[in-house]
1. What full-extension length gain, to one decimal in nm, is calculated for A:Arg3 and A:Glu31 as 0.36 nm per residue of separation minus the Cα-Cα distance?
2. Taking every eigenvalue of the Cα gyration tensor of the stretch B:155-282, multiplying by 5 and rooting it, what semi-axes result, largest first, whole Å?
3. Quick check for you: which residues of the stretch B:92-132 have the amide N under 19 Å from the point 7 Å beyond the Cα of B:Lys45 toward its beta carbon?
4. Charges on Cβ only, +1 for Lys and Arg, -1 for Asp and Glu, centred on the Cα centroid of chain B; of B:Gly461, B:Phe424, B:Val171, which one is farthest towards the dipole's positive end?
5. By how many nm would the segment from B:His376 to B:Asp132 lengthen if fully extended, with 0.36 nm per residue of separation less the alpha-carbon distance?
6. Under 10 Å, Cα contacts only: if you run a Gaussian network model on chain A, which one of A:Ala54, A:Ala12, A:Ala85 comes out with the highest mean-square fluctuation?
7. Let me have the 222 nm mean residue ellipticity of chain A computed from DSSP H runs of 4+ only, each contributing -39500 (n - 2.57), with the sum over all residues rounded to the nearest 500.
8. Decide, for the stretch B:48-102, between rounded, prolate and oblate: order the square roots of the alpha carbon gyration tensor eigenvalues as a ≥ b ≥ c, take rounded if a/c falls under 1.5, and otherwise choose prolate if a/b is larger than b/c, else oblate.
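Since every read-out is calculated from the coordinates, none of them should be taken as a lab result. Quick caveat: nothing in here was measured; it's all calculated off a predicted structure. As a convention, Cβ positions derive from the backbone with ideal geometry for all residues, glycine included, and neighbour counts pool all protein chains shown.
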Amino acid sequence: MQRLYRLVLENAGFQIIDTATNGAEAVNKFESHSIKPDVILMDHRMPVKNGIEATKEILEISNHSKILFVSADNSIRKLALSIGATSFLEKPFELKDLLKEIERILKLSNLPLSSHN
Amino acid sequence: MNLEDSLEKSNSSEGWSKRVFKSIPNPIFIYKKLEDDLILIDYNKAAEDMTEGKIKNIIGVKAKDFHKENPEILEDLNRCIGDKVKISRELKYRLKTTDKEKILNVIYISIPPDIVLVHTEDIGEKRKIEEDLKKSEREKSIIFENIHEHVVFQDINHRVIWCNKAACESVNSSLEQLIGRTCFEIWQNQDVVCEKCPVDIALKTGRQERGEAITPDGRVWNIRGNPVRNNEGNIVGAVELTTEITEQKRAEQKLKESEVKYREAYNRSDLYKDLFTHDINNILQNILTSVDLSKLYSSNMENKKELKEIWNLISEQIIRGKKLVLNVQKLSEVEEVETPIESTEALSILSKAIEFVKESFPYKVINIEKESPESHYLVNANELLINIFENILFNGIKHNTHNIIDIKIKISKERKYQTNYIKFEFLDNGVGIHDSMKAEIFSRKFHEYKKDTKPSGIGLGLLLINRILNSYNGEIRVEDRVEGDYSKGSNFIILIPEAI
């Protein structure tokens, strides 16, 4: 799935800073990168640490982080948004919906649409 | 002597004795022999009252005439006067004077030379009371002797005073064999009072107490102890009422076990549903994203390579979906049907699994190498063994980001807990499993199939492997392919009991 997201986002003009295979790895990598991503695509069901826990910890490190929560589990939506996720997309979603949502998030941050991380 | 003479004599010469005679509370009749018969010559006040005053009309009447319908009275009168004997009899008699029926205790006393004193006592009321009491006793006895409940009346030292038939039969004894023995000796085979005995507590508290007990034969009893007080209010003993509840307890236990089984089955089904939903949604997401991407790429022929990759991805997702459905079917099979375990040659099954997995991923470069000192291994398994191998291999391929997927399968023997196992090690170069997950994957929480405790990242495939191995009394654990570095891949180690 990561390979797909990479293809999709790179094709749309975004730069992928990094990827992680579990929530703990996501937090560690976020912390270690000096240049923080403009948007983080966060899944929920991951080994070691799930998306909710990873989101909380990333927001503790940097509360301006924009996290787009994606999950097949719609029951998580309310919780994800309540802890600070910027947006929630329920799987399966179309490519255009993903890109539309990323654009909306970037507009919120007043960031230009091109060359995003 | 004629009648008048007799009367005069008794009236004049024995004044005080006559007063005594007259005042005796029980009816008395005096008969005198006259020729070959007896005639009534006197009576007392009580006799007058009993006959409502009409007795005076009987004076001088011959007994043969008056009692002709009561030959037994005539016989007693004649025998008394003739043999000079005292006769005592209970008699049901309808008074001719009042037409009232009486139950009398009659005593005929001979007073020589020619007098018979007939003393009567009305015992009708007493008889009625006795009859009522007997009837009540009979009814109580019927009740006590026919109820299934044990009724044991014991003294303050728990010695049996009385018990009903059910209590006697419960220990195959007669009442006589039980009286005087302690209840704890009879029913518990011990020489001290049972702990928390409700009867013992009732004797102390003076209130009804309840409890349960198990006798040495395994039967379960509900016991009620009721203190018994005398007229002064002192506790003099207790009545123990005992009902057997063994079957009820067994049913309760079965119900509890059923509830647990039902709850487990419900949790399992809930978990399967949850996992299936999640996995299917991810598969659909991958297909949808791939389709969207391919639409983007298809307009530019330079993207042929990317297009091919996307189509391969789609195919893989379909296969993944197929495998998911198959796993759910197999899980249901394992839950519902007990497939017999038999001696199964494992290497041939493994080869079939390898072939199937490679065919399922035609676009991936997969190297699967087998390392086995022997050419065949017999294990205690069944037709589901192939699902174990397929799922392990699938996981090794699914969670692998390398261009070339390497899986090495090492087969050997291991002896553990006095059992011989065939050991299968699947070493892959996939993404690996973090240390924190290794213990959880096959932990008890996971076995309890509770959705909330399910470790993230566990799919139906591993669930299925676990269920099948449990049925074989086999084992599974996971280690790092390279010790200390989980990111270099995993080593799934499976132990299956060797078939003898």
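1. 7.8 nm
2. Over the Cα atoms of the stretch B:155-282, the semi-axes work out to 49, 17, 11 Å.
3. It comes to B:119-122, nothing else.
4. With unit charges placed on the Cβ atoms, the residue in question is B:Gly461.
5. The B:His376-B:Asp132 span can extend by a further 78.6 nm.
6. Comparing A:Ala54, A:Ala12, A:Ala85 in a Gaussian network model of chain A, the most mobile one is A:Ala12.
7. After summing the helix terms and dividing by the residues of chain A, the value is -13000 deg cm²/dmol.
8. Prolate, since a/c reaches 1.5 and a/b exceeds b/c.
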